[in-house]
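Worksheet for the structure shown next.
The values are calculated or read from the model by the stated rules, or taken from the named source; none is laboratory data. Predicted model only: the values in this text are computed from it and were never measured. Counting neighbours? That spans all protein chains shown, and the Cβs are built from the backbone with ideal geometry, glycine included.
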C-alpha cells in the first residue's frame, strides 16, 4: 500500500514537461545485506532483487514513465567472488529470457548501455536480440546498464570522437559538451530527471555521472529486494517537491 493517501496516477505525456519525472534511473543496492539480515546466502538477495525489478518495471510502465535505467552490473562488479559474478550473470540472462515476451507485449523497448566489447558474448547476443525485437516499441524504454561505468563510458566516448575526427581529417580540438555527448552510450536517451539509490548508501558509485549532473537524487533506506510501487511513488513525490532551477534563478511572479 502506498504511504500516500492518493496513489499517483499516470504521468503526463512526454511532451508535457511537468510534473515528471520522465526518466528515472535506479542504483539497485542492498541485495546482500537483505539476505544476510535473514541468515540467507547473498545469492538469495540477488534472486529476490530480480522480483523487485519486475515490480518496478511494471509500476514505471503503469505510471507512464518514459525511461527507466537500471544499474544491473558495473565495470567494478567483476571484482566480486567468481561464484557471485557467475550467479549475477545467470540471473540477468534468465530475466531477459523469461521476461522478454511480457516486456514486448507491454510495448516496452529494451536498450543496453555499457562496454559491449567487454561483455560475455552470450549475454551480449541475448540483449542485442531483445533490442532488435523491441526496437519499435513506444511505451517505457528499459535501459539496462551492464558492464557499465561512467568513467569508462566517458573515456570510450572520447576515444570514439577523436577516432571519428581523425578518420574525417578534422582537427581533434576543441571538443564541446555536445560533441562528447553525441558519443556517449546514452546519446539518444534523455538525461534522468530522478536518480534513486536504495539501501541508504549516499553515493553515485560511478553511475551516469555525466547524465546525472542535474538529476534530483533520492536516497532511500529501503533495500532493493523490498522496493515496490509504493517506494517508487514515494521517490516521485519527493522529486515533485524539489525546486528545479538548473543553476538559474526562478523568475518571480509580477
Listed residues 144, 154; which is in contact with a helix residue (DSSP H, G or I) (Cβ under 9 Å, 6 or more places away or on another chain) and assigned to a strand (DSSP E or B)? 144
What are the residues in the stretch 180-204 that are under 13 Å from the mean Cα position of the chain (by Cα) and surrounded by fewer than 21 Cβ atoms within 10 Å (Cβ to Cβ), if any? 189, 190, 191, 204
Kindly evaluate residue 242 against the criterion of being modelled with pLDDT under 95 and surrounded by fewer than 14 Cβ atoms within 10 Å (Cβ to Cβ). yes
So, restricting to helices (runs of 4 or more DSSP H) that lie completely within the stretch 1-112, which ones have at least 3 residues that are under 16 Å from residue 227 (Cα atoms), touching a helix residue (DSSP H, G or I) at 6+ places or on another chain (Cβ under 9 Å) and modelled with pLDDT of 95 or more? 31-37, 42-63
First in the stretch 133-161 and on the phi > 0 side of the Ramachandran plot and touching a residue at least 24 places away in the same chain (Cβ under 8 Å), second anywhere and surrounded by fewer than 18 Cβ atoms within 10 Å (Cβ to Cβ) and part of a loop (DSSP other than H, G, I, E, B), Cβ under 6 Å, 6 or more apart: 147/115; 147/118
Would you check which residues across the stretch 216-236 are touching a residue at least 24 places away in the same chain (Cβ under 8 Å) and either over 19 Å from the mean Cα position of the chain (by Cα) or part of a strand (DSSP E or B) (or both) and list them? 216, 218
With the requirement that a residue be under 18 Å from the mean Cα position of the chain (by Cα), in a helix (DSSP H, G or I) and surrounded by fewer than 17 Cβ atoms within 10 Å (Cβ to Cβ), what does the stretch 121-141 give you? 128, 131
